[in-house]
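The values are calculated or read from the model by the stated rules, or taken from the named source; none is laboratory data. All values derive from a computational prediction rather than experimental measurement. Don't worry about glycine lacking a Cβ; one is built from the backbone with ideal geometry, like all the others, and counts go over all protein chains shown. Each accessible area value is taken on the protein alone, full model and side chains, heavy atoms only, with ligands, DNA and RNA left out. Shrake-Rupley method; radii C 1.70, N 1.55, O 1.52, S 1.80 Å.
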Amino acid sequence: NLRVPASGHLYCTLKDESAQVRAVMFRMQNRLLKFRPEDGLQVVGYGRLTVYEPRGEYQLVLDHLEPKGLGALQLAFEQLKEKLSREGLFDPARKKPLPSLPQRIGIVTSPTGAAIRDILQVIGRRFPNVHLLLYPVRVQGAGAAQEIARAIDELGRVPGLDVMIVGRGGGSLEDLWAFNEEAVARAISRSPVPIISAVGHEIDFTIADLAADLRAPTPSAAAELVVPNRTELVQTLESRDRRLGQVVRALLESRRERLSSLIHRLADPRKRLADQRLRLEDVSSRLG
């Protein structure tokens, strides 16, 4: 009998095989829940037992509620993943391709964390003359998700921005939770700029990873994916330049040989004119 009226309070009945008790969770505690309670869900509740005097009934005033056998954060992850998947936010057809050689790269992360140091180090080594634009945000704690979503929206309006990296270093599920918030996923999906998600370590997986155009296992890997290695690129261009020169020289030599052959085959034009003049005189005499 779960219901949440406009007041924001949560009312339900907790029951097991042999008994039941009414329960209420007031709005302030309800707002702190990471998952969405549903009828039939097995839960563990903490609170205090009171008597609702108008009806003379016992009820449990809940201070905390969590799924039984599954952490609240993990359940919230699965619920949001299912919801956004139904809406098509993770559809591969929505993914935007990354530019092959970006000139301006936006970065959404903490200005003091390990992630930004790793990204700067890798990009500086691979392609030092690319332009970077950092939007500093908190990457954990209350309000972090809203900061990240706002940063994505604002960077998406910067003229000439080619691609964006959104992420942070590793941590616990709680530390990474800002990247599992709906606000961040929706900001990523509506961004006009391609986004690489780089959250935590290789084993970490977030809703932001699913919504992004590309997932990188770490911030360092994101930096390697976003720009080519300049030295390797120059070597490739030099190699292709040499091959192109060889092909052009071979083509010119072939054309030169053919032209020489045609020149030798061509009879002297003066001799041909003299022959034709004699033939004309002969025909003229016969005509007379």
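Numerical summary
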read-out	value
Candidates 98, 89, 75 - the one that is out of contact with any Pro (no Cβ under 7 Å at 6 or more places or on another chain) and either surrounded by 15 or more Cβ atoms within 10 Å (Cβ to Cβ) or modelled with pLDDT under 90 (or both)	89
Where a residue in segment 199-223 is within 30 Å of residue 129 (Cβ to Cβ) and its partner, wherever it lies, is among the aromatic types (Phe, Trp, Tyr) and not in a helix (DSSP H, G or I), with Cβ under 9 Å and at least six apart	199/205; 215/205
Single residue of segment 223-282 satisfying the filter (touching a helix residue (DSSP H, G or I) at 6+ places or on another chain (Cβ under 7 Å) and open to solvent by 80 Å² or more (accessible area, probe 1.4 Å)) that is modelled with the highest pLDDT	224
Residue tally, condition in a strand (DSSP E or B), surrounded by 12 or more Cβ atoms within 10 Å (Cβ to Cβ) and of a type in the set (A, V, I, L, M, F, W, C), over segment 45-72	4
Matching entry among 88, 113 (being farther than 15 Å from residue 210 by Cβ and either free of Cβ contacts under 8 Å to residues at least 60 places away in the same chain or under 17 Å from the mean Cα position of the chain (by Cα) (or both))	113
Top-ranked residue of segment 2-24 - restricted to ones that are under 19 Å from residue 56 (Cβ atoms) and open to solvent by 90 Å² or more (accessible area, probe 1.4 Å), ranked as nearest to the chain's Cα centre (by Cα)	22
Counted residues, segment 125-162 - those being open to solvent by 30 Å² or more (accessible area, probe 1.4 Å) and either part of a strand (DSSP E or B) or on the phi < 0 side of the Ramachandran plot (or both)	22
Close pairs from segment 42-57: first hydrophobic (A, V, I, L, M, F, W, C), partner loosely packed, with under 10 Cβ neighbours inside 10 Å and modelled with pLDDT of 85 or more, Cβ under 9 Å, at least 6 apart	none
